[in-house]
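In what follows, a structure is listed as structure tokens, so that the remarks can point back to it.
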Amino acid sequence: MESLARPQATLVDLLDRVLDRGLVLNADIIISLAGVPLIGINLRAALAGMETMVRHGVMTEWDQSIRARETEASKVSQAAAGCNEQLPLATAVSHQ
Amino acid sequence: MQQVIAAEIRTQAPASEQAGCYVYCVAPAIEATGLGPTGIEGREVRAVAHNGLCALVHHCPAQPYQSDDAEVTASWVLAHHRVVETAWRRCGTVLPITFNTIIRAEEGSAEESLRAWLNRECPRLEERLRSLAGKAEYGVQLFWNIAVIGKKVAQGSPQLRALEEEIRSKSRGLAYMYRQRLERLLRSEMEARAEEESRDLYARLDRCVESIHIERAKRDQNERQMLMDLSCLVSAERYPELEAELKKVGQREGLYVRLTGPLPPYSFC
């Protein structure tokens, strides 16, 4: 049961909170932060890049397995019922 | 003569190294001894106390932290979090200050500016600290497996089933158009379901937490899609209720709940 596992906060969980939340002090006593928000943008871009890479790898594999399954399915259906179009709903869902 | 001494002092302890005061958090003045060399880049974390309050700080040049290296910035963010978390665990309540808040010297030192600020804001800060005592922040994220829910929605919708049945009898070209209709219909039913699930979770949480912030759910093209990202302020005695509610939601097919925490109340100060 996932909600009981209580996963440790990840860097992404902390990033949002440490960078964007917390008390903000009046500008007149803190040093100028011009240009500093870049810190968050750079870091998030790096993390997003990582996620995209992971996703790309995962999805490519997933697409291949789907295609393989569809080929199998169409072979079966063609053998059984001529050349009816096979349109499983799950396929429509996955293309959202 | 005085001028000469001042100049000597400046060369002994370069003013630039002490010109700023990086603030991690404000806490009740229990933590009056500081936290040792646990700050960003191993800086000494000191407590600047004023009345019943203290701010945990390190001294640094009056320059914001900046780096193009994601690993370096990540280590700063983690160090900041560790200081806030340690203070929070020791004091029971804390007001986290946002990353990269560096107080500059005005008339005297940066530390004097900080004390003046603590003095000015004292009633407001004490009030906030009191209201956050005994409470923790939890992240609650709701996901669904789009393939599992999609199948359930499709099977449960007579309209969709009829449309699918109809497609089977159509020619290739017509089937393509019908397929697009099918997809549109499925999508709108999925959207309605997503809203329903989100509202349901929100209502359940609303009954057992002090406060909820809705964050922007992260977009992800995985099969597992985030529907909602919430930050909740929860009192220690009501935490079991929160867990019980999440358990109920997580037991439903195709839905997942991710609970993160306890965390210092970053989103509630």
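One table, with the values for the structure above:
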quantity: Test for B:C208: is it of a type in the set (A, V, I, L, M, F, W, C), within 11 Å of chain A (Cβ to nearest Cβ) and under 25 Å from B:S131 (Cβ atoms); calculated: no
quantity: Candidates B:H81, B:H58 - the one that is modelled with pLDDT of 95 or more, of a type outside the set (A, V, I, L, M) and not in a helix (DSSP H, G or I); calculated: B:H58
quantity: Members of region B:219-245 found to be over 21 Å from B:P96 (Cα atoms) and in contact with an Asp or Glu (Cβ under 9 Å, 6 or more places away or on another chain), listed by number; calculated: B:D220, B:M226, B:L227, B:M228, B:R238
quantity: Residues of region B:207-236 that turn out to be without any contact (Cβ under 8 Å) to a residue 12 or more places away in the chain and exposed (fewer than 14 other Cβ atoms within 10 Å of the Cβ), as a count; calculated: 4
quantity: Residue in region B:190-204 that is without any contact (Cβ under 8 Å) to a residue 40 or more places away in the chain, touching a strand residue (DSSP E or B) at 6+ places or on another chain (Cβ under 8 Å), under 30 Å from B:H81 (Cα atoms) and more than 10 Å from chain A (Cβ to nearest Cβ) present; calculated: yes
quantity: Residue check for B:V257: under 22 Å from the mean Cα position of the chain (by Cα), within 20 Å of B:D200 (Cβ to Cβ), at the interface with chain A (Cβ under 8 Å from one of its Cβ atoms) and buried (at least 17 other Cβ atoms within 10 Å of the Cβ); calculated: yes
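The values are calculated or read from the model by the stated rules, or taken from the named source; none is laboratory data. For clarity, every value in this text was computed on a predicted model and none was experimentally measured. Note: ideal-geometry Cβ built from the backbone for every residue, glycine included; neighbour counts use all protein chains shown.
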